[in-house]
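Colleague: Supplied in C-alpha cells, the structure appears directly below.
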Amino acid sequence: MHTRRIMKFGGSSLADGDCWRKAKKIIKDRLDLNPVIVVSAMGAVNGGPKVTDMLQEAGALLLEGRDASGLVREVIDRHRAVAAGLEIESSSLEADFQALKKAAEALPKKKFSSREEALDSIMGFGEIFSARLMQAFLQKDGLRCLAALPGESGFITDDRFQDADVLEESLENIASYVIASREIPIFPGFVGITRDGRPTTLGRGGSDYTAAVLGAALKRQVEIWTDVDGIYRINPGYLSHHFIDAGHPQTIPHLSYDEAFQMASFGSRVLHQKALLAVQQAVRKGKHIHLFIKNTFNPDHPGTVISSQKQHQGIPRGITCLPGTQLYTIYARSPQESARFAQRLKELPGLAVALSSNTWGRISFVFDRYHPVLSQLESEFNSHLSRDQVLVKIVGDGIGENPETLSRINGALHSAESPEEFGMTLVHKSPQLLTDNTFEFLVKKRGLAKILQTLYKDLFMRDVVTIGMLGLGTVGGGVIQYSREMYSPEKSGFRLDYPTALVRDMEKKRPVPFDGTLTARVEDILENPLVDVVLEVMGGIEPARTYILKALEAGKHVVTANKALLSHRGREIFEKAHRHRRNVGFEASVCGEIPIVDDFLKFPGLGDIDGLEGIVNGTSNYVLTRFMEGMPIGEALRIAQEKGFAEADPYMDVSGIDAAQKLCILASILFNQPVDFEMIPRQGIDGLTPADADAFRRWGFTVKPIVAARVKQDRLVLYSCPALLPQGHPLASVREENNALSLYLKGRVEPITKIGKGAGAIPTARSIVRDILDVARKARAYMVEVPGYFRAKGGMEMSRVEEIESAWYVRLTVKDNPGVFGKIASILGDFDLSILRVHQEINRDADEAHVLLELKDSPRKRLDMALDLITRFPFVKSCLPCMILQC
Ligand code: NAP
Ligand code: HSE
C-alpha cells in the first residue's frame, strides 16, 4: 500500500460518542487510502468546555498554587464516560490518566523555564487521551493501529512552549517512523517534544499543523475533518437569517495556499495558519500537498481543497473580517510632529498595525485592537481616534489585476453606502489597501452587516436574482409559471428565486403552485436583504406606490406592470429611483409582450417623430373582435375577464382609461416630456350597439380601440377612443387581445409597426421576466438608467381635443317620426359638415330608428357643436360619434 492519506479529526469531530462513531466510519471507509490519523482533544458538547480549555484552566490554577484536582478529575471522567459509551475498556487509558495526575501534582513544585513550559506539561494530555482512545476503538474492530506519541514518533519541536514549531530535521525521522510502522499510526495533534524530552504544544488549533507537518514529511495529501462543510466564503455570523435559510454562505471549493492563509489568519477559524505555513514550506521544496477540509457529519460534501495551484486569477474567493480595529488619524502640522509621532509609534505596547496610509499631512493607522494608549495619543497630537471599526478583506489571488473584480467591489461598496439611512458614509475611502491577493478596507461597525451582505451577494451570488413579489394574481401567477416552465437559466445566465409573495388573502387557492412563502406583511419583502428586485404586480395606486417608494429607499430595484400608478405618479417614482441609484423596469405596463418601452427609451431623436397610433388595450380589442362577429359587448367582456385580460375593475378597460394611461407613459418617454394623464381625452367602447356593428360591416369598416399621439405644428395631440378603420389600415387586422403600435416617422410614408399579445398571464410574464433580467444585468454592472422625462421641463404644448380633424361616423338613435332626418341634416349643414354616406335602420318594435352617418373630414369642434344642438331635439334618444381613420 503506497498511498498514504493523513486524516486529522478536530475536537468537534470527537466531542462525544456519536462523533467518535462517525469518525471511525470515515476511517474504515477509507482504509484503501492507508490512513495516518491525527486526533485533537475532545471538543465542546452543548456549549460546555473543551478538554484543552479545562487543562489550560487547571494549569493556570496550579500555577497560582490553587487546587485543580477537581478539574483534572473531570477531564479524566469525561474520557472514561466516552470510553464506556463506546464499549472500550478504559484500562487502556489508565496509565495516561495517572501520568496527567502526576504531571498536575508536579506542576506547582517543579522548576520550569517559563509559565508557558509549565502549562505545556499538562495541556497536551487531551490529545494523548484521544490517540489512545482511537487506538482502542479501532482495535475493537480488528484494525491494527498504534498511538504515535511524540517521543516515539520523533515529533521534535523547538522550545517555544505554547507555540512550538516542528524542527525541520525531524521530518525525515517522522516519515521513517510512519513508513516503518505496520499499524495505522494515530498521532496526537497539537503536541511535540523538545530534543531534551520536555513536552511542548504547537499553539491553539495546532492539530492542523501536526497534520500538515505529516503531509510535508510524507509528501502526501491531508484531510482535515471538522464540523463544517469546508471554508465558508464568509463567517455565517455576518449574514442575516434570510441568507442562512437560503443555504448561505457557500463553501469555497478551491483555495490556493496564499488565499487560505489570508482567510485563516484573519477571522476564518477552520484552519490553523501554521498548517498553511508548513505546506507552503513544503512547496518550496517541490512537495505539492493538497489539504482537504471535510465535514465529519456530512462526509459526502466535496468540502474545500487547498493546494499550491492558483486558479482563475483575480476571482474573489471569500471575505474575512477583523472586528474591533481602531482607526487613528494624525494631521501632522510639521515634520517634527510626524517624527515625534513615529517615535511614539515604536513604543506602542504590543499593538499591531493592520493597515496604514499616508496622504499629504494626514497619516492613518489601523490598529488591530484598542488600547488606552491610543486615547492618550489622541489628546497629545492633533489627531482623531475612530473606534470600533472593522477591517474587511476580500481574498482572491491576483484580485488587483482583474479590473472587473475591482469595479465589482467598488460598485458593491458604492451601492451599499446609504448616507440617508446611516447619516454617514460607511466605508473609509482611505485607508484602503490592495495586496497581491486581498482588497482591504475599513468599515464603520454600524454599517457592517449591510456592506458585507451586499458584497457577499455581488461577489458570490451573481447568478441568482432574488425577487420579492407584491401580488400573486393573474400576472404574478403567470410569472411563476413562466419561470418554472419556459425560462432558461442556462440561456440567460441567471437563476430566478421567488422566496416570498405579498397577498391580501392567505387562504385563497392559487391557480399556480408557489414554492415560496405567502405573507401579508410587506416588511417580509422590503426588509429581506436577499431581495434584489421587488416585483409589483398588485395593481392600483395605493398601497403600490408607497411600497415601491419604500423598496427603492431600501436599495431594491423595482419591476412593475402598473400603468395606473406610472401614469399618475411616474415622476415621483423615477425621481426616487434616480436618487437611490436604482432601476425601475416597467416594460409590462404597456403592450404586454411587445418590447415597446425599451424601444422608445432608446429612440434617439425627437425631431423625426410625426406620431404614434396603436391598440394598447387587449381587453377592448378582444371585446371588439367578438363584437364585430355579433357577440354582445357584455358577454365578450365576461370572457375577456375569464381569460385574465381585464383589469381588476374592467371599467378601466372598456372606458378607455387603461389605454389612456398607457398612452400617457408612451408619450412621456417618446417625446421626453411629462404628460398629464388628465389632459388625454378618452372615449370608451361601451356605447357601441349592434346597429353600429351592422353599419361598420356594411360600409367596409372594422372598429378598434385606438390611442394616438400626433405632432401638429409643434403641438401634441393625444387621444384614446374607439375608431373605425378601413380594411387596408395597418391596425385593422390586429385582432383578439393583440396590441400593436405604429410609429410614424419623418422621411417615410408607412409606419413601423410592432404587434404582440397585449394582455394575459404568460405574455405579460414574458415581458416582466425580461425586465427582471434587464434590471439584474444593470445592477451587476452598477448601471442606473431612469427615464429622463421625469425631470424634463417644458416640451410641446398639448393640443385640445376639439382641434382634431378627421372623418366621422355618427349614430343617432331617434324616435321613428317623420322629418327627423331633415332636421338633423339641416343642423349638420349649418356647421358645414358634409355627409358622405347615410343609412337608416328602423326598429319597429321599439318604435325607433338608427340614423347612421359618415361625415367628411372636419374638426371635432364643429361636430361637437352640431351634435350638441341635435341631441337637444326631444326625438333624439342617444348619439355616438366615432372617428374614422384613413389608411
Ligand atoms: P390580480 O389578478 O387582481 O392580482 C393582484 C394581486 O395583488 C393579488 O394576488 C392580490 O392578492 C394582490 N393584492 C392586491 N392588492 C393588495 C394589497 N393591498 N395588499 C396585498 N396584496 C394585494 O391582478 P393582475 O391581473 O395580476 O394585475 C396585476 C397588475 O398587472 C395590475 O397593475 C395590472 O394593471 C397589470 N397588468 C395586468 C395584465 C393582465 O393581462 N392581467 C397585463 C399587464 C399588466 P389576493 O390574491 O390575495 O387578492
Ligand atoms: N387590462 C389590460 C389590457 C391588461 O387588457 O390591455 C394589459 O395591460
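No lab work stands behind these numbers, since they all come straight from the coordinates. Bear in mind the structure is a predicted one, so any value in this text is a computation, not a measurement. Quick reminder, even Gly has a Cβ in these numbers, built from the backbone with ideal geometry, and neighbours come from all protein chains shown.
Colleague: Which order do T546, T200 fall in if you start with the one that has the fewest other Cβ atoms within 10 Å? Display every interim value, and only then the final one.
Modeller: On the way: T546 11, T200 30.
Starting with the residue having the fewest Cβ neighbours, the order is T546, T200.
Colleague: Over 26 Å between Cα atoms, which of K602/K643; K508/K778; K28/K274; K346/K445; K28/K294; K22/K287 qualify? Mind dumping the intermediate values first?
Modeller: Working: K602/K643 33 Å; K508/K778 36 Å; K28/K274 29 Å; K346/K445 28 Å; K28/K294 16 Å; K22/K287 31 Å.
Going by Cα-Cα distance, K602/K643; K508/K778; K28/K274; K346/K445; K22/K287 fall outside the 26 Å limit.
Colleague: Could you list D830, D774 so that the one with the fewest beta carbons within 10 Å of its beta carbon is first and the one with the most is last? Mind dumping the intermediate values first?
Modeller: On the way: D830 12, D774 18.
So the residues, fewest neighbours to most, are D830, D774.
Colleague: Sticking with this structure for a sec: Compare the Cα positions of A723, L33, A84 along the charge dipole of the chain (+1 at Cβ of Lys, Arg; -1 at Cβ of Asp, Glu; about the Cα centre) and return the one farthest towards the positive end.
Modeller: Comparing the listed Cα positions along the dipole, L33 ranks first.
Colleague: While we're here: Among L100, G468, Y487, whose Cα lies farthest out toward the positive end of the dipole of the chain, if unit charges sit on the beta carbon of Lys, Arg (+1) and Asp, Glu (-1)?
Modeller: Most positive-ward Cα: L100.
Colleague: I've got another one for you. Using a Förster radius of 35 Å, what is the FRET efficiency between L345 and D300 based on their Cβ-Cβ separation? Nearest 0.05, please. Walk me through the numbers on the way to the answer.
Modeller: Numbers: r = 52 Å, r/R0 = 1.48.
The computed FRET efficiency comes out at 0.10.
Colleague: If you don't mind, there's one more thing I want to ask. With respect to the cross-link table entries K285/K310; K823/K856; K754/K856; K8/K102, which display a Cα-Cα separation exceeding 21 Å?
Modeller: Working: K285/K310 18 Å; K823/K856 19 Å; K754/K856 30 Å; K8/K102 29 Å.
Violating the 21 Å limit, Cα to Cα: K754/K856; K8/K102.
Colleague: Taking the Cα centre of region 563-643 as the origin, how large is its charge dipole in debye, to the nearest 20, when only Lys and Arg (+1) and Asp and Glu (-1) carry charge on their Cβ atoms? Let's see the in-between values first.
Modeller: Working: 11 positive and 12 negative charges, 124 e Å.
With only Lys, Arg, Asp and Glu charged at Cβ, the dipole is about 600 debye.
Colleague: Report the relative contact order of the chain, percent, no decimals, based on alpha-carbon pairs under 8 angstrom and at least 6 residues apart. Don't skip to the end; give the middle numbers.
Modeller: Values: 1850 pairs, mean separation 66.6, N = 887.
Computed over the chain, the figure is 8 percent.
Colleague: Among the lysines, select those whose C-alpha is under 25 Å from the C-alpha of K109, and discard any that sit fewer than 8 residues away in the same chain.
Modeller: K101
Colleague: Could you name the aspartates and glutamates in cross-link range of K815, using Cα to Cα under 15 Å and dropping any fewer than eight places away on the same chain?
Modeller: Output for K815: E841, D845, D847, E848.
Colleague: Filter the GluC sites (Glu not before Pro) in region 508-584 down to the DSSP loop ones having no more than 14 other Cβ atoms within 10 Å, then list what survives.
Modeller: On the way: sites: E523, E527, E536, E553, E572, E575; in loops: E527.
Those satisfying the criteria are E527.
Colleague: What relative contact order, as a whole-number percentage, does region 486-550 give when Cα pairs under 8 Å and 6 or more residues apart are counted?
Modeller: Working: 41 pairs, mean separation 15.9, N = 65.
Value for region 486-550: 24 percent.
Colleague: In straight Cα distance, which aspartates and glutamates are under 14 Å from K393, not counting same-chain residues fewer than 8 positions off?
Modeller: Correct list for K393: D258, E259, D368, D436, E440.
Colleague: What is the set of long-range amide H partners of L716 at a cut-off below 5 Å, with H atoms built 1.01 Å from backbone N?
Modeller: For L716, whose amide H was placed from the backbone, the distant partners under 5 Å are E797, M798, S799.
Colleague: Let me ask another. Non-local amide H neighbours of I224 (under 5 Å, H modeled in plane, Pro and chain starts lacking H): which ones?
Modeller: K8, F292, I293, K294
Colleague: Ok, one more. Skipping prolines and chain starts, which residues have an amide H placed within reach, meaning under 5 Å, of the one on V36, given they are 5 or more residues away or on another chain?
Modeller: Sorted by chain and number, the residues that satisfy this are R5, I6, M7.
Colleague: Per residue of region 799-809, in order, report the coupling 6.51 cos²θ - 1.76 cosθ + 1.60 (Karplus, θ = phi - 60°) as ³J(HN,Hα) in whole Hz, putting x for Gly and Pro.
Modeller: Taking θ as phi minus 60°, the curve returns 7, 7, 4, 5, 7, 5, 10, 6, 7, 9, 9 Hz for region 799-809.
Colleague: Let me ask something else. Can you compute the charge dipole magnitude of the chain about its Cα centre, using +1 on each Lys and Arg Cβ and -1 on each Asp and Glu Cβ, nothing else charged? Give it in debye, rounded to the nearest 20. It would help to have the intermediate numbers written out before the result.
Modeller: Details: 109 positive and 110 negative charges, 262 e Å.
Charge dipole, the chain, about its Cα centre: 1260 debye, nearest 20.
Colleague: What list of ³J(HN,Hα) values in whole Hz, one per residue of region 215-223 in order, does the Karplus curve 6.51 cos²θ - 1.76 cosθ + 1.60 (θ = phi - 60°) give from phi, with Gly and Pro shown as x?
Modeller: Karplus-based 3J(HN,Hα) across region 215-223 equals x, 5, 5, 9, 6, 10, 6, 10, 10 Hz.
Colleague: In addition: Calculate one ³J(HN,Hα) per residue across region 283-300 by plugging θ = phi - 60° into the Karplus curve 6.51 cos²θ - 1.76 cosθ + 1.60, and present them in order as whole Hz with x for glycine and proline.
Modeller: Residue by residue, region 283-300 yields 4, 4, 9, x, 9, 9, 10, 9, 10, 10, 9, 10, 9, 4, 9, 8, x, 7 Hz.
Colleague: Please give the peptides 728-740, 624-636 ranked by average Cβ packing (other Cβ atoms within 10 Å per residue), highest first, as a rough proxy for protection.
Modeller: Working: 728-740: 19.8, 624-636: 16.8.
Listed from highest to lowest mean packing, they are 728-740, 624-636.
Colleague: Output the peptides 754-763, 339-348 sorted from most to least packed, where packing is the average of other Cβ atoms within 10 Å over each peptide's residues.
Modeller: Numbers: 754-763: 22.3, 339-348: 12.4.
The packing order, highest mean first, is 754-763, 339-348.
Colleague: Projected onto the charge dipole of the chain (+1 at Lys/Arg Cβ, -1 at Asp/Glu Cβ, origin at the Cα centre), which of A275, S589, A776 gives the Cα projection farthest towards the positive end?
Modeller: A275
Colleague: So how do D388, D497, D208 line up by other beta-carbon neighbours within 10 Å, fewest first?
Modeller: Values: D388 14, D497 19, D208 30.
Fewest to most other Cβ atoms nearby, the residues stand as D388, D497, D208.
Colleague: Which of the three applies to region 637-725, rounded, prolate or oblate, going by the alpha-carbon gyration tensor with a ≥ b ≥ c and a/c under 1.5 meaning rounded?
Modeller: Numbers: a/c = 2.74, a/b = 1.37, b/c = 1.99.
The shape class here is oblate.
Colleague: Right, another one. Report the full-extension gain for the segment H371 to H288: residue separation times 0.36 nm, less the Cα-Cα distance, to one decimal in nm.
Modeller: Values: separation 83, 0.36 × 83 = 29.88 nm, distance 4.17 nm.
25.7 nm is the gain from fully extending H371 to H288.
Colleague: Something else now. Run the helix sum for the chain: -39,500 (n - 2.57) per DSSP H stretch of 4+ residues, divided by residue count, reported at 222 nm to the nearest 500 deg cm²/dmol. It would help to have the intermediate numbers written out before the result.
Modeller: Working: 31 runs with 332 residues, N = 887.
Mean residue ellipticity at 222 nm (helix-derived): -11000 deg cm²/dmol.
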